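Heads up, the thing below is written out as structure tokens.
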Amino acid sequence: MANGQFPEALIQQLSQKFRDHHFGDVMVVGGGVSGIQASLDLASSGFKVYLVDKAPSIGGHMAQLDKTFPTNECSM
Amino acid sequence: MEGEAGDFQITLIKKPKYIDEDQCTGCTACVEYCPVKYPDPFNQEISQNKAIHIYFAQAIPLVTYIDDSCLYLKEKKCGICEGICKNHAIDFNQRAEKIEVKVGAVILAPGLEPYDPGLRHDYGYGQFANVVTSLDYERLMCATGPYQGEILRASDRKHPHKIAWIQCVGSRQVIPGGNSYCSGVCCTYAQKQVILTKEHDAEAECTIFHNDIRSYNKDFERFYQRTESLPGVRFIRSYVSIGREIPASKNVTIRYSTPDDGVKEEEFGLVVLSVGLNPPADYTALADKFGIELNAHGFCQTNPVDPMEATRPGIFVSGAFRGPTDIPESVFSASAAGSECGELLNYRRGKLTQARIYPPEKDVAQEEPRIGVFVCHCGANIGRIVDVPATVEYALSLPHVAYAQEQLFSCATNSAKEISDMTREKGLNRVVIAACSPRTLEPLFRDTLREAGINQYYLDMANIREHNSWVHSKEREESTRKAQDLIRMSVARARHLEPLQEFDLPVNKAGLVVGGGLAGMTAALSLANQGHEVYLVEKESDLGGMARRLHSTLEGLDVQQYLIDVVGKIYRHPLVHVYTEAAILETGGYVGNFATKVKSRGRVMEIKHGATLLATGAEEYRPTEYLYGEDERVVTNLELEEQIAGRDERLVGARSLVMIQCVGCRNAERNYCSRVCCSHSIKNALNLKALNPQMDIYILFRDMRTYGYYEDYYREAAGKEVRFIRYEPTDPPEVEPAVGEEGLGVLRVTVTDPILGKRLEIDADVVALAAAVIPSAGSQEAARLFKVNSNPDGFFKEAHVKLRPVDFVADGIYLCGMAHYPKFITETLSQAYAAAGRALTLLSHDTVVASGSVCEVNERKCIGCGACISACSYGAIEFRETRQGKKAVVNPVICKGDGLCNAKCPTGAISLKHHTDEEILSQIDAAVQP
Amino acid sequence: MSGVSRLQYTTESRLIRVMCSGRVDLAFVFRAFLKGTDGVFIGGCRLNECNYDTHGNYHALNMVLLAKRIMEHIGLSPERLRVEFMSSGDGIRFAEVMSEFGRKVKELGPLGQGEGLDEGILKSKLAEITRLIPYIKMAKKEKLGSRLSNPERYADLFTRDEIDRLLREVTSYYIDPAKCQACMLCARRCPAEAIISVKNQIHVIDQEKCIKCGTCFEVCPDRFGAVKEISGVTVPPPIPEGERTVVRKK
């Protein structure tokens, strides 16, 4: 008996189960400029965030824009 | 999704990329060899991309993915990429993965879908080659777009010379397939496209066909004027229809009409459809999955006084899914949703986050420099051009280089470990990594140095990819020589690098909120609900600000009742301390540690706080126009609202009422649009019609700016026979007392109707002026005290219009509400939650980390000339009296490390750490072959 | 973006990273020329799109306009120095500018040779300018901090005459041995440690080290008035070491 009470195998089994389950505080659905900002703010204020997006990259429609008004800055 | 607020269980399907993301380095060798081309969705399918590719040049994660068009996926043929990839990152065996995630709350930010004009076939989109949408046009203009930033027509790949924009495509249209609301962004984005088009081709002729120009946001009026003043730019107010395609030229004709010339048909080389914003593509499925309700337009149903809340508890919404939204509002609604999540989940904050533990840092400052050089092949990206082994040999010949080696991919996990292992083993105290741009990977390699137990600032990166192999890919010898030069420069600099400490500053957990209107109170409550002490300072004796003069909103909110609720919550909250009749005497300190002296009802106290929120509101302009103040029948919009709420008999019994828009703004003195007045007038008109359906109401306007859902109320008002008459600013209405038909005294309003082309006389019993919203005196005072900036119109200037819309440039100070710009209650509330959310990113920490790369003054060399102080607009440098005269001293917490002051200093007394004169001069010296 | 987009340009460039174009010191430019670099390019953010709050790119512009005039003064072609403002998205423009600048510099020929200057003389002129940089920065402090909104006014910010005069009539400081009371005040305050001071010995300014900031002139007590501001004439030689003992005023 390792660890006094629980067999090593059981501990491993339990921790495996935890690994299979993802625990977080907030899920943000959509990785456009709004989703990114929400994720950054939450992560910076002590929450674990899952950011999910349907595209292969975050960025959303804003990434497609050439420049943004009224300053005409690059939208990247 | 199952469960409830605080405990949701969500099942996700992760689509396979067929790429091992940990192994892929984004080198794109596979893309080069992939034989399959298909229309690139990122470039609006205008150009082609390969079946394996990176989504776009700056994608995050910067790895490739394989599209369904892949031959191997379709027919088990090809597989070339598998052989090409040196890192074995291609994995055709990947399958869709089911992932279960447990979270306490959800933020929905699925964004928008541009309106598809192909569905209705009425603009020739999809039929005529030279009709594109505004999003297509964005890609055409973009340097990473289908033609590398050349604006070319699909029909002949030539530059169009005459371009037309058609506004309101899919917006403000009550037809099947159209949207009744105004999308709010198209007028201004079309102006932007015109300006950029003129930058591409100064000779281009640009025409915008519109119904109203709705440039209602901060600094938009000037933007509109800038567009209008460009040569060859026409704004034409007209409904239009697409005519035909000219067979030979493939030009497209547009039919329109003007009051002067009647109906015309004109030919254009390219037509851009300014498409509106639709809900995200899969909105009904999304709503079903998350169990939330949608509004009539298919956007998320939200609560006007809690604008980030969806109908199901624990689910919040941000960005364009709340309705047509521009970028700043998308960003601040995100911060706002973050703050609301924080209120819900405050009990579990910080429980799931982990801190990294590093080995203790070795003090090597006294040692002779022992530099290690790691040269990256980046697969073939560098290795195919630069002779890496020879470069490693060369590096070993440089002074102080104790070790050098090559690596296939320096950024791969095993390579980073190799760097930290070799650093320890060889006793290295400086590391040069010759690879790619420090922009992406410097943080990673700094971490590698920390793992190796030496200070993270002992790193320098020589960029031999973006600055070399990628841009000199045909010149192998030259490129190898340049790589060696760049390494020599890095080594020279590395010798002089110093260990720097990033220091932790304690954070006072309290917040100070200046201004007790709806913005200030909402922000204060959100902070307090997340466990923070809040000091709320209001100059008046009562809380409420501008909202005290409002009674209803178009959405039907009883403002006074709502205000009573909020004020009650404020006074009941144990963490909120209210100071009324208060004035701020002085304030000082810096992020996390401010101290402010407040005088309230005769008492003076000092408040210590970590964050400051400025919500100092706005005021209504007191008109000098249209007999205001001379004739009591002339009132402002707010006065009219009060009279409506009080059921003023003379008002309700009026037979005729005229509203005049844009009083005191959109003029030379106040060159901005007050944003709320058009909808405010509509609201008053609808309320009056409800009280007295017989009343004749006229609204004299310049552009009706009822953006977003407010458009529906504009339509409702028109349906109830409120009459809208446009006037030109050069020919404004006139108001004079007169005797009306029945011998009664009236106000005679004279205005030129541009459609009828003649002067109209309207006898009114009441004239209401849509008086401008102007910055409050309190804002000007706060700007001075807190050393924050205002824009030319006197509204607070945010750190970045789009990316930091509620932050000031100075850390730890935030803004919200009308002090930022005129806005509606719902918008004010979002922004207030946002300011609280941003403040939480600071207040939720015990300490803030200040960068090590900041300036420092050598007092011996300082002559007190002040050149540095006048250059530093952050106010990070001050004079200090010493026995040797006044000397500059830097507050490292405020310093941002740009180093401008260094170049200003005549004596070299001020020095930006990590970018010192010595470090840069050593690079300059080493640039030339010895 | 040039890199990511694989846009090809001249191999003759060597890039040095600074966090803001305003960090580029006038001294950096002349150090590069002194070391034999044939051309210097400074790239900054687009004007009015400052990544910081300081609009350092305007300062970089002013510095370049000044440096060009100084280059003219010593006979170097001002076209060897170029400043451009672009965003990270302007990859195409960057590549074009680099190649164009590379061609221009090649056309001008090797530094000095292209202008027909003797190498030794050029070196000594560049060294002299480097020594005068603190003085130049102080004299032109206001203009170096200005913000030029109209490109048509770039050429007038510093005129050729103005810079020629500035460099012709360089101010020097000299301690009058008859008046110096060896109070050591000036030496303690000199930022360049250019004043040779020994107790009871007349102080002497090491003209090689002096950066002409005038601090000594300002701090020398009025009752002594020993530090002199000299312009347009040669500085008298320092008093020999053996004759420096102070004769106290009665």
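Taken together, the values in this text are just the output of simple stated rules run on the coordinates, not laboratory data. As the structure is a computational prediction, the values presented were derived from the model and not from experiment. Methodologically, a virtual Cβ is constructed for each residue, glycine included, from the backbone with ideal geometry; neighbour enumeration extends over all protein chains shown.
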Can you pull the one-decimal nm distance between simple spin-label points at B:D282 and B:L760, each 7 Å off the Cα toward Cβ? 5.0 nm
Applying a 10 Å radius around every beta-carbon, put C:59-66, B:609-616, B:360-367 in order of their mean neighbour count, most first. B:609-616, C:59-66, B:360-367
Note on the protein assembly as shown, DSSP bridge orientation, antiparallel percent to nearest 5 equals 50 percent
Dipole size in debye (nearest 20) for region B:1-148 around its Cα centre, Lys and Arg Cβ +1, Asp and Glu Cβ -1? 480 debye
Added length on full extension, which subtracts the Cα-Cα distance from 0.36 nm per residue, B:N667 to B:A96: 199.7 nm
Over region B:289-434, what is the percentage of antiparallel beta bridges among all DSSP beta bridges, to the nearest 5? 20 percent
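Could you work out how much longer the chain between B:R120 and B:R880 gets when fully extended? Use 0.36 nm per residue separation minus the Cα distance between them, nm to one decimal.
Details: separation 760, 0.36 × 760 = 273.60 nm, distance 7.06 nm.
Gain on stretching B:R120 to B:R880: 266.5 nm.
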Starting from the coordinates of the alpha-carbon atoms of region C:154-250, obtain the Kirkwood hydrodynamic radius over all distinct pairs and give the value in Å to one decimal. 14.5 Å
With an 8 Å cut-off on Cα pairs and a minimum separation of 6 or more residues, tell me the relative contact order of region B:371-498 in percent. 31 percent
Can you tally the net charge around B:S870? Count Lys and Arg as +1, Asp and Glu as -1, for every other residue whose Cβ sits under 9 Å from the Cβ of B:S870. +2
Would you mind getting me the FRET efficiency between B:I564 and B:D648? Use the beta-carbon distance for r and R0 = 25 Å, nearest 0.05. 0.65
Say R0 is 51 Å: what FRET efficiency, to the nearest 0.05, do B:T730 and B:N858 get from their beta-carbon distance? 0.25
Burial-style ranking of C:134-147, B:128-141, B:184-197, B:823-836, average other-beta-carbon count within 10 Å with highest first, yields B:823-836, B:184-197, B:128-141, C:134-147
Within-11-Å neighbourhood charge of C:F217 [Cβ basis; K, R +1; D, E -1]: +1
Run the dipole for region B:634-773 about the Cα centre, Lys and Arg Cβ at +1, Asp and Glu Cβ at -1, nothing else charged, and hand back the magnitude in debye, nearest 20. 420 debye
Between A:V49, C:G232, B:S473, whose Cα lies farthest towards the positive end of the dipole of the protein assembly as shown when Lys and Arg beta carbons carry +1 and Asp and Glu beta carbons carry -1, centred on the Cα centre? C:G232
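Hey, fewest Cβ within 10 Å first, where do B:E340, B:E265 land in order?
The most exposed by this proxy come first: B:E265, B:E340.
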Candidate cut points under trypsin sites (Lys or Arg not before Pro) in region B:1-102, DSSP loop plus at most 12 other Cβ atoms within 10 Å of their own Cβ, are B:K76, B:K77, B:R95
Mean Cβ-within-10 Å packing, highest first, puts peptides B:209-221, B:404-416 in the order B:209-221, B:404-416
Whole-Å distance, taken between Cα centres, linking region B:828-860 and region B:736-810: 35 Å
Of B:C78, B:A29, B:Y55, which is farthest towards the positive pole of region B:17-94's charge dipole, taken about the Cα centre with +1 and -1 on the beta-carbons of Lys, Arg and Asp, Glu respectively? B:C78
Which distance in nm do the two modelled labels at C:Q113 and B:A296 give, with both placed 7 Å along the Cα-to-Cβ direction? 8.0 nm
Kindly express, to the nearest 10 degrees and within the range 0 to 90, the angle between helix C:56-73's C-alpha long axis and the longest C-alpha principal axis of chain C. 70 degrees
Summed over the other residues with a beta carbon less than 11 angstrom from that of B:A204, with K and R at +1 and D and E at -1, the charge totals -2
Per residue of B:856-869, other chain Cβ atoms within 10 Å number on average 3
Can you compute the charge dipole magnitude of the protein assembly as shown about its Cα centre, using +1 on each Lys and Arg Cβ and -1 on each Asp and Glu Cβ, nothing else charged? Give it in debye, rounded to the nearest 20. 3340 debye
Taking the dipole of the protein assembly as shown about the Cα centre (Lys, Arg +1; Asp, Glu -1; charges at Cβ), the one of A:T68, B:Y672, B:G602 that reaches farthest to the positive side is B:G602
Residue by residue through B:460-473, how many Cβ atoms from other chains fall within 10 Å of the Cβ on average? 4
Rounded to the nearest 5, what is the percent of antiparallel bridges among the DSSP beta bridges in chain B? 55 percent
Could you tell me which of rounded, prolate or oblate describes region B:39-149, using a ≥ b ≥ c as the square roots of the eigenvalues of the alpha-carbon gyration tensor, with rounded for a/c under 1.5 and, failing that, prolate when a/b is larger than b/c and oblate otherwise? oblate
Place a point 7 Å from Cα of A:V52 in the direction of its Cβ. Which residues in region B:267-297 have their backbone N less than 13 Å from it? B:286-287, B:289-291
Taking 0.36 nm per residue of separation between C:N48 and C:T234 and subtracting their Cα-Cα distance, the length gained on full extension comes to 62.4 nm
Rounded to the nearest 500, what is the 222 nm mean residue ellipticity of the protein assembly as shown from helices alone, with -39500 (n - 2.57) per DSSP H run of 4+ residues and division by all residues? -8500 deg cm²/dmol
Using the structure shown, select from B:K102/B:K569; A:K67/B:K37; B:K597/B:K913; B:K50/B:K198; C:K68/C:K123; B:K17/B:K50 the pairs with a Cα to Cα distance greater than 23 angstrom. B:K102/B:K569; A:K67/B:K37; B:K597/B:K913; B:K50/B:K198
Using label points projected 7 Å from each Cα along Cα→Cβ, tell me how many nm separate B:D201 and B:I13, to one decimal. 4.5 nm
Please go through region B:588-650 and write out the GluC sites (Glu not before Pro) that DSSP classes as loop and that have at most 14 other C-beta atoms within 10 Å. B:E630, B:E632
Can you work out the base-10 log of I(q)/I(0) for the protein assembly as shown at q = 0.07 1/Å, using the Debye formula on its C-alpha atoms alone? -0.84
Give me the inter-chain shielding for C:52-60: mean count of other chain Cβ atoms within 10 Å, whole number please. 6
